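Q: Pasting a structure here, questions to come.
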Amino acid sequence: MTWLRPAPRPQRYELGTGARVDTSDLQLEQASRLARKCTRVLLSDGTLAPPDPASSHQVALRLAALPPEAQKQLERARLRIVVLDSETPPRGGYPGKVLGSPDRWEEGLGAQYHYQRKEILMPRMYLETPFSGVGDSLLHELGHALSDAKVVDRGRIMSLDDDPRLLELFEAYRQRCGFKPPEPKPGGHDFNQPMLLELERQEEAWSLYAVTEPREYLAEGLSHLLSGGEKKEKLASQDGQLVEYLHDFLIAPTRGGSPFGLWDPRPERL
Ligand SMILES: [Zn+2]
């Protein structure tokens with residue numbers, strides 16, 4: 001059995017400055033180095049192992065879609081990507097108890113970015129989804145991680161998720177989709193399902209999940225943009241202003257340090 005997938009054709013995208021970036025062999029090489037450095041595989045005894053070649057290759061393909069400077073920002077933020085196998089849940093619970101109850105390991109395991117730990121928790125089954133033409137879980141989580149890495153600290157915890165320009169675009173998107181806030185429900189709201197029925201004009205939604213929160217709007221946008229194919233085309237035709245925003249976002253410098261992570265011991269055992 002061969003684990004490695006062939007490298008995708010070079011992706012091209014315009015940055016806000018008009019510069020052009022290709023996913024060249026050199027860029028993939030740089031991404032491969034970072035992937036080996038930041039990826040770990042969670043074993044059933046709760047320890048973290050260096051990545052197997054298949055995992056680090058899949059991570060590298062996604063990292064290579066980012067501009068070099070964005071890759072460096074993630075490296076400086078000491079991002080860690082933890083690959084999880086649904087067949088081998090760690091004895092004694094989940095990483096940092098952030099994934100809910102143990103019996104949800106197989107049916108409810110989703111990718112997520114953990115802000116305090118600077119970690120992307122990445123189920124292997126999503127990592128192995130072919131990297132082309134579909135929304136991509138890891139690119140989505142990298143959107144959260146990048147947003148966190150570019151934190152603006154003006155005396156309070158503030159990230160680019162709170163950027164007024166992003167909030168404006170998000171509200172305009174909700175308006176176009178005919179979003180109506182759902183009725184409050186006892187026990188809280190499930191963001192994945194009922195709210196989606198509150199859209200009057202679903203055809204305007206390039207991503208249903210993007211209506212939920214500004215940070216998801218950003219992460220979904222980045223995933224669509226960098227995945228390429230039909231998703232990117234749909235995004236570009238329906239939300240060109242977000243594409244412009246994302247180009248600027250990708251090359252935006254880090255402004256200040258994240259208030260998290262400085263004290264985080266980041267143990268090798270979860
Ligand atoms: Zn998300």
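Q: State which residue is farthest from the chain's Cα centre (by Cα) when the search covers only the range 222-246 and only residues that are within 16 Å of the ligand (Cβ to nearest atom) and under 15 Å from Leu138 (Cβ atoms).
A: Among them, the one singled out is Lys231.
Q: For Asp52, state whether it is at pLDDT 85 or above, surrounded by 12 or more Cβ atoms within 10 Å (Cβ to Cβ) and over 23 Å from Asp148 (Cβ atoms).
A: So Asp52 passes the test.
Q: For Arg33, state whether it is over 22 Å from His140 (Cβ atoms), at pLDDT 50 or above and surrounded by 13 or more Cβ atoms within 10 Å (Cβ to Cβ).
A: Yes: the conditions hold for Arg33.
The values are calculated or read from the model by the stated rules, or taken from the named source; none is laboratory data. Values in this document were obtained by computation on a predicted structure and should not be read as measured data. Counting neighbours? That spans all protein chains shown, and the Cβs are built from the backbone with ideal geometry, glycine included.
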